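To keep things clear, I will list the structure first and then write my remarks on it.
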Amino acid sequence: MKIQENIPLGPKTTMRIGGTAAYYTELYSKKDCEEAFEYAKDNNLKLVVIGGGSNTIFANGVIDALIVRLKGNEVKIDEEKVYVQAGKNLPMLINELAKEGMDLSALTGIPGSMGGAVIGNAGQGPEGIWIDNYIESVTIFTDGLFKIISKDECNFKYRESIFKNIDLPVIIWEATLVIPSNNPEEIKNKIESLLKKRIETQPHTKTAGSCFKAKDDVPAWKLIDEAGLRGRKEGGICISEKHANFLINEKDGTYKDAVSLVESVQSYMKNPLEVEMRFVKNDGCIEFP
């Protein structure tokens, strides 16, 4: 494991916002995880984990923390089970498994890595299919130890998991999936159809993905739209005209702009929306405005 200093973070996130990481490294192996944990502990640093760089916005200036990026992306198929390391790009995984007759097409169009998908239980809307439909167990690294925890222990809910509420730093290392089989050509057709729909209804530019989650069955985008906030801007950040739950870095947006826009949206809500996007402050702590 190689520790680098003062590494620009903007290029490592999908929204292209952020200053520099005081300390940065990439994790390719279990040994790397152990060394990163010890380095952060010995130097009294926060440990912030990123995968594909979606769903995270870093503050401008220096982030006084150890930022680690998961790069382990191996995929092993053993009969009906698939073992996927957390750094694997989710869209690539879906396409690769389709060729093997394994159908993950329901998750088509979701950006980011396997690790991020596990943490946020990525998937369709409240009544749709989420990644926990396919998970059997998850291998994590926490408090200096690797552990395998069952699907039930993950406490998956709509866009939620236990990993969002653990105080100790947690690294999702691998997920064990059980995936239904189907004809490769049929899977390919479903992927293409779903991808076309996503392209028609969601922005594909400098965005960190869905920002809010409603606390009931009403989609967050609908509440934001009803409040007349579609297209609203704060500095270089705006609410997408295409989908009101996406924040777009339209022109040199900053962390402050993004926080300000989230707070502006919340001020219009009778009941505050849950913020899914991670906002990483300069001290390495995470806030949800």
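Quick look at the values:
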{"quantity": "Filter result for Leu194 (touching a Leu at 6+ places or on another chain (Cβ under 7 Å), assigned to a helix (DSSP H, G or I) and not assigned by TED's automatic domain parsing to the domain that holds Val49)", "calculated": "no"}
{"quantity": "Residue within the range 185-193 that is hydrophobic (A, V, I, L, M, F, W, C) and more than 25 Å from Ile50 (Cα to Cα) present", "calculated": "yes"}
{"quantity": "Out of Lys256, Lys196, sole residue that is of a type in the set (D, E, K, R) and either modelled with pLDDT of 95 or more or in contact with a strand residue (DSSP E or B) (Cβ under 9 Å, 6 or more places away or on another chain) (or both)", "calculated": "Lys256"}
{"quantity": "Flag for Lys88 being of a type in the set (D, E, K, R), surrounded by 23 or more Cβ atoms within 10 Å (Cβ to Cβ) and in contact (Cβ under 8 Å) with a residue 24 or more places away in the chain", "calculated": "yes"}
{"quantity": "Yes/no for Ile172 being closer than 26 Å to Ile286 by Cα, β-branched (Val, Ile, Thr) and in contact (Cβ under 8 Å) with a residue 60 or more places away in the chain", "calculated": "yes"}
{"quantity": "Of all residues in the range 1-42 being surrounded by fewer than 18 Cβ atoms within 10 Å (Cβ to Cβ) and of a type in the set (Lys, Arg), the one that is nearest to Gly87 (Cα to Cα)", "calculated": "Lys30"}
{"quantity": "Residue ranges of strands (runs of 3 or more DSSP E) in the range 80-165 with at least 2 members more than 21 Å from Ser29 (Cβ to Cβ)", "calculated": "135-142"}
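Conditions tested, residue by residue: (1) without any contact (Cβ under 8 Å) to a residue 24 or more places away in the chain; (2) surrounded by fewer than 19 Cβ atoms within 10 Å (Cβ to Cβ); (3) hydroxyl-bearing (Ser, Thr, Tyr).
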{"residue": "Glu200", "(1), (2), (3)": "yes, yes, no"}
{"residue": "Arg230", "(1), (2), (3)": "yes, yes, no"}
{"residue": "Glu234", "(1), (2), (3)": "no, no, no"}
{"residue": "Lys242", "(1), (2), (3)": "no, yes, no"}
{"residue": "Ala258", "(1), (2), (3)": "no, no, no"}
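One line per residue, one yes/no per condition, for (1) closer than 20 Å to Ile172 by Cβ; (2) out of contact with any helix residue (DSSP H, G or I) (no Cβ under 6 Å at 6 or more places or on another chain); (3) aromatic (Phe, Trp, Tyr); (4) in the same structural domain as Pro180 (by TED's automatic domain parsing):
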site	(1), (2), (3), (4)
Lys41	yes, yes, no, no
Leu66	yes, no, no, no
Val82	yes, yes, no, yes
Pro111	yes, yes, no, yes
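Per-residue answers, yes or no, for (1) over 30 Å from Asn249 (Cα atoms); (2) loosely packed, with under 12 Cβ neighbours inside 10 Å; (3) free of Cβ contacts under 8 Å to residues at least 40 places away in the same chain:
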residue: Ser137; (1), (2), (3): yes, no, yes
residue: Ile148; (1), (2), (3): yes, no, yes
residue: Phe156; (1), (2), (3): yes, no, yes
residue: Arg159; (1), (2), (3): no, no, no
residue: Phe163; (1), (2), (3): no, no, no
residue: Ile179; (1), (2), (3): yes, no, no
residue: Ile191; (1), (2), (3): no, no, no
residue: Thr205; (1), (2), (3): no, no, no
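The values are calculated or read from the model by the stated rules, or taken from the named source; none is laboratory data. This is a predicted model, so every value here is computed, not measured. Using ideal geometry, Cβ is built from the backbone for each residue, glycine included, and neighbour counts are taken over all protein chains shown.
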